[in-house]
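The structure appears below as structure tokens.
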Amino acid sequence: MTPTQTPASPTADLNQQAVALCSAGQFAEALSMVTPLLDDTTLPADTRADALNIAGACCLMLHNVADAERHWRECLHVKPAYAEVYASLGGLFKSLGRLSAAKAMYRQLVSLRPHQADAHHHLGSVLYALGYKEAAEASYRHALLLRPDYAEAYYNHGIVLRDLRRPHEAEAAYRQALPALREHAELHNNLGTVLVELGRLDEADAAYRQALTIRPQYPEALNNLAGVLRAAHRLMEAELACRLALTLRPDYAEAHLNLGAVLVDLARLPEAEAAYRAALACRPDYAEAHYNLGIALFKQERFADAEQAYRDAIRWQPGIAHAHNNLGCVLRLLDRYPEAIDAFRAALDVCPELAEAHSNLGGALMHMGRLPEAECAYREALALRADYGDARFGLAVLLLGMGRFEEGWLLYESRYEQPSFVHHKTRALLACPQWAGDSLAGKSLLVWQEDGLGDMLQFSRYFTLLKAQGAAHIAFACVPALHRLMACVDGVDAVFDHAAATARASNYDCWTSLLSAPLYLRTTIATIPRPVQLTVEPALVEQWRPKLDALPPGRKIGLVWKGNAKHHNDAHRSIPSLTTLAPLWSVPGLSFVSLQKGQGEDEARDPPAGQPLLDLGTHVTDFADSAAIVAQLDGVICVDTSIAHLAASLGKPCWVMLPEKDIDWRWLHERDDSPWYPHTLRLFRRAPGEVWAASIGRVRQACIERFGAATLHSPADDKDPTETVRSVP
């Protein structure tokens, strides 16, 4: 603030002397000199106004802010058009945080000095601070029209343009400021931020490093550089940059947050959690830190803690759509589906275009049996993002479970587009094209197992149909447990393990998955092919016969109570313990044979007292052994696992106990039979809230009701078990 005065008169000379004292830093002396003039109303207006202006400037320099404001206001009363005083008061009010008053002063200054670039620039800075970003942008632009070389205005213009989401213009503004402000570290830092938004990470890296060259101890630039390094997957360097920023400023919440994100990427989840909690210690209302903490806790499967973190994020910032969405995901895992649905809907209230929330809502509604609503939700997700793999696959499973195969099979192919699915890797692994339904006449076809053992047994019915399409040679790449059984299936010319098949893949014309065959062979609910015709080896039958013949007279029933422990729904599909099956032992005339492999085998080897059980599963080496055993049984009772498909394909009556939640699509909805295995398979579905004991009680009652009428007996049982077993049409 430079005091000015108008020349003339001896009194004016006093003002001039006071200005000289101010220039020499002698503010108290200058103030004493002009004080007699302040209340002299006989002086010319200009002279008195000059004295008041000088007094205001002196008081300000002497830290007497109230008197400075009083003198300048009186000055404007005496001389309303005193432009310099409007500038002084504007600066004073801005420094005091009285932004509305500062805005009024700068507007007056602009009206008095419309061609003064500084006036527009200062007005822009106050408007920006008040949140009037569009108006601030206009003021900066006006200042630059008046002074095209105004570096500070370019810099501030860049800041507001970035806030207005005009990053290209912001970059241009920053670059206009660079020649004059090349040693301004903040300019390089801000330029780097805009370049990040434009996706030009290498240039952003260089900008942040230039800022740090100018000012090595610049925590904001270090933190921003860490973000670029993380995006470039240079995680160790990113961690170092975050830690350097925190060394300079230990209470830097954003750097703690950024460090946590880097540590999550490094799979160092407990350290990431600590970093997020440090951010919250610095700033308890930091919604993004609560949200990221929820992610770290979720990845550690601490779902209750993750729920609280997401709720805290929402409490501090209800507009974080992803926090609502992630909360819904946690609640779904905690089997609190109605609450999950509410959370997904809350996410969509915030952001109706959030495809993830639509897809997740579809999954939750499907679980609740609200199938039409689930379909609508999935379709909403795909309308927003046509290539959204999770939504395509979710809708596929929904439609297949509803028996709407035509569209369901097509969408089911989306599993090959999902990087998290094993199917995605097959395309890159195999050195031959994937079959897309074109003619197989005279071609060699490699059929590749990607899915479970039960899937392979269920869909092996398609080998004969693929052969009927004219394929000259069909090889099946599968796990060793299937080799002996599949080698005898019609349509299969060779069986390999995956390693051998990979080495031979280039010799084949194309490859496919058995679960893709229904799409290209146009399978509908009405045209499901007959189950595969399995051949049981006579020598294996004779190998297992003595153990089975040692059982008491009566029906022999195979049992499997646990599935694959790695299955995503194992917690619901598998029965917790062999003891849960105890009610079945009381059914007269039945003997039980354990076919259990993997988890649960130890229970079969040493069953609890009162649970008679012949353990054969422990001694089984592959599915050929299992088939030889099942062929000599009167039926099988099991959970949803591969033995169900084996027994039903062998024509044996099979009763399958389905879980309460997340039932596989192949069993369709609300039916106790299966079009995949007509006449052989019966489904026992757990009702909502029903425990396994109740479901097993219904199986026991069914045994009692039907035992007298050849319970679990099939005409196939009267055949020689060494014959080829053919399914019922």
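The values are calculated or read from the model by the stated rules, or taken from the named source; none is laboratory data. Owing to the predicted nature of the structure, the values given are computational and were not obtained by experimental measurement. Every residue, glycine among them, receives a Cβ derived from its backbone with ideal geometry; neighbour counts consider all protein chains shown.
The figures follow:
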{"read-out": "Residue list for the range 494-527, restricted to those being farther than 15 Å from residue 448 by Cβ and among the charged types (D, E, K, R)", "value": "522"}
{"read-out": "Failed item in (1) over 22 Å from residue 263 (Cβ atoms); (2) assigned to a helix (DSSP H, G or I); (3) of a type in the set (D, E, K, R), with residue 335 passing the rest", "value": "(2)"}
{"read-out": "Qualifying position, being out of contact with any Ser or Thr (no Cβ under 9 Å at 6 or more places or on another chain), at pLDDT 95 or above, of a type in the set (Gly, Ala, Ser) and under 30 Å from residue 676 (Cα atoms), among 362, 369, 328, 403", "value": "362"}
{"read-out": "Residue selected from the range 531-554 under the condition assigned to a helix (DSSP H, G or I) and in contact with a Ser or Thr (Cβ under 7 Å, 6 or more places away or on another chain), by the criterion farthest from residue 612 (Cα to Cα)", "value": "538"}
{"read-out": "Meets criteria (within 27 Å of residue 678 (Cβ to Cβ), charged (D, E, K, R) and in a helix (DSSP H, G or I)) for residue 451", "value": "no"}
{"read-out": "Matching residues in the range 518-533 - criterion: being out of contact with any Lys or Arg (no Cβ under 9 Å at 6 or more places or on another chain) and surrounded by 15 or more Cβ atoms within 10 Å (Cβ to Cβ)", "value": "518, 519, 520, 521, 523"}
{"read-out": "Condition check for residue 81: among the aliphatic types (A, V, I, L, M), in a loop (DSSP other than H, G, I, E, B) and within 26 Å of residue 120 (Cβ to Cβ)", "value": "yes"}
{"read-out": "Where residue 608 falls short, out of the listed (1) farther than 23 Å from residue 551 by Cα; (2) surrounded by fewer than 20 Cβ atoms within 10 Å (Cβ to Cβ); (3) modelled with pLDDT under 95", "value": "(1)"}
{"read-out": "Every residue from the range 363-400 that is charged (D, E, K, R), in a helix (DSSP H, G or I) and touching a residue at least 12 places away in the same chain (Cβ under 8 Å)", "value": "375, 379, 380, 390, 392"}
{"read-out": "Residue match in the range 460-472 (condition: touching a Ser or Thr at 6+ places or on another chain (Cβ under 9 Å), farther than 15 Å from residue 518 by Cα and not in a loop (DSSP other than H, G, I, E, B))", "value": "no"}
{"read-out": "Elements of type helices (runs of 4 or more DSSP H) contained in the range 256-316, each with 2 or more residues being under 14 Å from residue 327 (Cβ atoms) and at pLDDT 95 or above", "value": "287-299, 303-316"}
{"read-out": "Only one of 313, 323 that is more than 14 Å from the chain's Cα centre (by Cα), closer than 20 Å to residue 276 by Cβ and crowded, with 23+ Cβ neighbours inside 10 Å", "value": "313"}
{"read-out": "Qualifying positions in the range 62-80 - under 16 Å from residue 94 (Cα atoms), in contact (Cβ under 8 Å) with a residue 24 or more places away in the chain and either in contact with a His (Cβ under 8 Å, 6 or more places away or on another chain) or surrounded by fewer than 20 Cβ atoms within 10 Å (Cβ to Cβ) (or both)", "value": "65"}
{"read-out": "Residue pairs meeting the criteria (Cβ under 6 Å; at least 6 apart or on separate chains; first within 21 Å of residue 681 (Cβ to Cβ), in the range 449-476; second basic (Lys, Arg))", "value": "none"}
{"read-out": "Tabulated pairs, the range 686-706, first over 14 Å from residue 586 (Cβ atoms), second in a helix (DSSP H, G or I), C-beta under 6 angstrom, 6+ apart or interchain", "value": "686/695; 692/580"}
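Per-residue answers, yes or no, for (1) at pLDDT below 95; (2) surrounded by 20 or more Cβ atoms within 10 Å (Cβ to Cβ); (3) not polar (S, T, N, Q):
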residue: 646; (1), (2), (3): no, yes, yes
residue: 657; (1), (2), (3): no, yes, yes
residue: 660; (1), (2), (3): yes, no, yes
residue: 663; (1), (2), (3): yes, yes, yes
residue: 666; (1), (2), (3): no, no, yes
residue: 669; (1), (2), (3): yes, no, yes
residue: 676; (1), (2), (3): no, yes, yes
residue: 681; (1), (2), (3): no, yes, yes
